[in-house]
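Report on one structure; see the data block that follows.
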Amino acid sequence: MSALITPELVALDQNLGAAPATVIRHLAELVVGAGRATEIDGLYADALAREAKTSTGIPGGLAIPHCRSSAVTEPTLAVARLSQPVDFGSADGPADLIFMIAAPEGADQDHLKILSKLARSLMKADFTAALRAAKTPEEIVTLVTDIVAPVTAAATAGAHSSSAAPRVTAAPTGAGTEGTPANGARRLVAVTACPTGIAHTYMAADALVAAAKEMGIDLQVETQGSAGATPLAASVIDTADAVIFAVDVDVRDKGRFAGKPLVQSPVKRAIDDPKKMIQEALAAVDNPNARRVSGGGAAASDSVSENEHMGQKIKRALLTGVSYMIPFVAGGGLLIALGFLLGGYDVTDVADDVVLQNSLWNLPEGGLAIYLGAVFFKIGALSMGFLVPALAGYIAYGIADRPGIAPGFVAGAVSGFMGAGFLGGIVGGLLAGIAAAWIGSFDVPRWLRSLMPVVIIPLLASIFASGLMFLVLGGPIAWLTVALNDWLSGMTGASVVILGMILGLMMAFDLGGPVNKVAYSFAVAGLGAATLANQAPWQIMAAVMAAGMVPPLAMALATVLDRKLFSPVERDNGKAAWLLGASFISEGAIPFAAADPLRVIPASMLGAATTGALTMAWGVTSKAPHGGIFVFFAIENVLGFILAILIGTVISAIAVIVLKRYVRKAPTSGSIQQNNTLVTA
C-alpha cells in the first residue's frame, strides 16, 4: 500500500488566496504534480462540487475539502498550512490547516479506512497542535504516517477481513448488556452520512460519541460511509428512546427507525455542536409532538435540516423536480431537432404513419432520411411527453421520497390530460408530495408498515392530488396556461426584447443556482407547445441558451485580453471556459465568481442580458434545449445566434476588466453556495 502523503504534497505557511476555490485548486495541483491524479481540472471540479454541497470547515481552524474523482489514481492527502486563513464555512472562523483528501472513484475499503482514520484524528487537539508546530513538510508527513500506520499495518495483515466499518459506541459507566441500558439511562442511536462518506461521516460520529460520553448518555452510532457500514442491531434500535440523523444524504433502510422521536440536521452540525443535538434528542423523548421517523420509512422531510422553513422545502422540491425532468427534455429536444434535420418540418404530420407502416426494409417515399427523421422525431416527442409527469413526480419525490413518485407522476399525467401543462405539474407534484408525506407520518402498526410505501401511500395520495386536479384545480390552471401561451405568442417589438433581457439576467445571476434554473425550466417547459405557427417557445429557448453561454466565454476572453488581472489558476480556468461556454455550461464561470462575485456576476449579467435581448429581437429560435453551438442544426438564424453571443461576450469581458481595474474588491466570505447541475447550464 503506497504512502498516503509525501513531502511534495505539503505546502507550509503559504498565502493561497482569500477563497476556498483557490486553496482547493492549489492542492489539486500538488496532487497532480505528485503523479497521483491525471488532470487538475477534473479533480478541482469534483472537489469544488463537493464543497458547494456542504462547507468543509470544522471547529479549530480546520477544513477538510474532499472528494472522489475519476481523475485520482491513488488515495492521497495534500496539506496546506496557510499564512492567511481562509473562511471554509466553520462557525468559529477561518481555517489555517487545510487537508484535502482525494480518493479514486473505486477506492478499496482499506484505503478508505485509512482516510477516515485520518479525518477522525483531526478531532484531537494534540494532533492538530503538533501539525501547527511542525517546521518542515517531512515533519507533517511523519505525524500523519504515525496516525495511519497502525491502520495500514492491520489492513496489510488482513486484520480487517470485513469491508464494514466498526460501529461507534459510547456508553455511560455502569451500562448493562446490549439492548438494556443500566440505571434507567436514556439510550440514543444515531446515523451519520455525508455525500462522499470519507471525512465528515466519521468525524460527526466521533463528535457525537465524545459528547455523549461526557454527558453520561448511552449512544450508539451507525456510520454509513465509504468504508462500509455495520447496521445497528435491531435490539439496540428497539430499545432506543430517540434517533439522531446527522446526514447530507438519504439514510439507508430508514424504516428500521420508524416511530422513533427524531432530531435531524446536516452532518456538519454534529461536528460543530454535538451536545446540542443530543440535548434536542433527549427533549424529543418527552415531547409527544416531537417529529418522528416516518412510518413509511422514506419521507424526504426526514432528510433535511430541522431548521428548514417551508419556503426552503418547496424550493428544494421544485429544484429536485426540474433536475430530474431535464434529461427527458434534453434528450427529447435533441431528437426532435434531428428529426427536423433529416425529415424536414413536415415530419410532424407524417411521423406516426411512417413509423408504424414502414421499416428499414420497407422505406417510405423519400427514402432513409424521411424514415429516420420520423423515428427520431417520434422518440423525441414521446420523451418530451414525460416532461410534466416527471416534473410532478420528482417534485413529490423531493417532499416525500419514493412513496411520492407514483402519485406525483399520476398528478402530472392528469395535468397534461387537462391541458394544465407545466404549471399544473408543479401544483400536482406539490399536492402529491404533501399528501404522501402526511400519510407517511401516520403511526401505524408494525405489520402495516411494509404496505405503506408501496400500496397505501401511493393509493391515497393519488386519489387526493389527482382528484383535486380533476375536480377543482385543473380547469383554472389550464385556462391560465393557455392565456400565458397566447400572451407569449402575441409578444412583439419592445416587449420581446425586454423578456429576452430578463431571461439573460436570470441565467447569469447565479450560474446554475435556483434563479438560473427557473429561467431554464421556463424555457424547456414551453418546447412541447411550440409549433411552426407558434415559435415563441423556440425563441425563448434560444435566448436562454445564448445568454447562458456568455459568462464562461466572457471570463475566458477576459483572461486573454488582460492576463495580469487574473491569477495563474484563473488563467488555466479560462482555457477550459472556452469549451464549457461553447457547450452551454454556465458553471465554467463559477471559479471566477467564487473568487470575485461582486465584480464577475454584475459583468456577466450585463453581457447575458444584451445577448438575450438581441436573440429575441432578431427572431433566433432553438428547437434543442441544450448543447450550445454544437446543436447549430437545430437553431434558426444561427448567424444571429452567434453574433448575439459574441456581442454579449465582449461586453461582459470588457465590463469585468474595467471593474477589476477601477473598482476596489470588497471582502467576501470566499465562496458562493449554489445548487449546480451541469446539464442545466
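The values are calculated or read from the model by the stated rules, or taken from the named source; none is laboratory data. As the structure is a prediction and not an experimental result, all values here were calculated from the model. Cβ atoms come from the backbone with ideal geometry, glycine included; neighbour counts cover every protein chain shown. Ligands, DNA and RNA are excluded from the accessible area calculation, which covers all protein heavy atoms including side chains. Shrake-Rupley method; radii C 1.70, N 1.55, O 1.52, S 1.80 Å.
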Flagged in region 403-420 as in contact with a helix residue (DSSP H, G or I) (Cβ under 6 Å, 6 or more places away or on another chain) and open to solvent by 20 Å² or more (accessible area, probe 1.4 Å), in numbering order, are Ile405, Ala406, Phe409, Val410, Ala413, Gly416, Met418, Gly419
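Anything in region 184-223 that is part of a loop (DSSP other than H, G, I, E, B), open to solvent by 10 Å² or more (accessible area, probe 1.4 Å) and at pLDDT below 85? List them, or say none.
As a first pass, look at region 184-223 and keep what is part of a loop (DSSP other than H, G, I, E, B): 185-186, 194-199, 216-217.
So of that shortlist, the ones also open to solvent by 10 Å² or more (accessible area, probe 1.4 Å) come out as 185-186, 195-196, 216-217.
Residues satisfying the conditions are Ala185, Arg186, Pro195, Thr196.
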Within region 628-642, the residues that are open to solvent by less than 20 Å² (accessible area, probe 1.4 Å) and more than 20 Å from Ala609 (Cα to Cα) are Val631, Ala634
Within region 475-527, restricting to residues that are modelled with pLDDT of 75 or more and part of a loop (DSSP other than H, G, I, E, B), the one that is farthest from Ala554 (Cα to Cα) is Asp510
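Across region 596-634, what is the number of residues that are aliphatic (A, V, I, L, M) and at pLDDT below 90? Walk me through how you get there before you give the answer.
Here is the first cut: in region 596-634, the residues aliphatic (A, V, I, L, M) are 598, 600-601, 603, 605-606, 608-609, 613-614, 616-617, 620, 624, 629, 631, 634.
From what is left, the residues that are at pLDDT below 90 are 598, 624, 629, 631, 634.
Matching residues across region 596-634 total 5.
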Counted residues in region 608-626 being open to solvent by 10 Å² or more (accessible area, probe 1.4 Å) and either of a type in the set (Val, Ile, Thr) or part of a loop (DSSP other than H, G, I, E, B) (or both) come to 5
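Considering Ala577, Ala593, Ala589, Ala558, which residue is open to solvent by less than 20 Å² (accessible area, probe 1.4 Å), closer than 24 Å to Leu639 by Cβ and modelled with pLDDT of 80 or more?
Working: Ala593 fails: closer than 24 Å to Leu639 by Cβ; Ala589 fails: closer than 24 Å to Leu639 by Cβ; Ala558 fails: closer than 24 Å to Leu639 by Cβ.
Going through Ala577, Ala593, Ala589, Ala558 in turn, just one is open to solvent by less than 20 Å² (accessible area, probe 1.4 Å), closer than 24 Å to Leu639 by Cβ and modelled with pLDDT of 80 or more: Ala577.
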Can you confirm whether region 256-265 contains a residue that is under 19 Å from Lys53 (Cα atoms), in contact (Cβ under 8 Å) with a residue 40 or more places away in the chain and of a type outside the set (Val, Ile, Thr)? yes
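Consider region 375-402. How many of its residues are open to solvent by less than 40 Å² (accessible area, probe 1.4 Å) and either touching a Gly at 6+ places or on another chain (Cβ under 7 Å) or in a helix (DSSP H, G or I) (or both)?
Narrowing region 375-402 to residues open to solvent by less than 40 Å² (accessible area, probe 1.4 Å): 375, 377, 380-381, 383-384, 387-393, 395-396, 398-401.
Adding the requirement that they be either touching a Gly at 6+ places or on another chain (Cβ under 7 Å) or in a helix (DSSP H, G or I) (or both) leaves 375, 377, 380-381, 383-384, 387-393, 395-396, 398-400.
Residues flagged as open to solvent by less than 40 Å² (accessible area, probe 1.4 Å) and either touching a Gly at 6+ places or on another chain (Cβ under 7 Å) or in a helix (DSSP H, G or I) (or both) within region 375-402 amount to 18.
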Can you say whether Arg563 is within 21 Å of Val658 (Cα to Cα), charged (D, E, K, R) and surrounded by 18 or more Cβ atoms within 10 Å (Cβ to Cβ), as far as the supplied structure shows? no
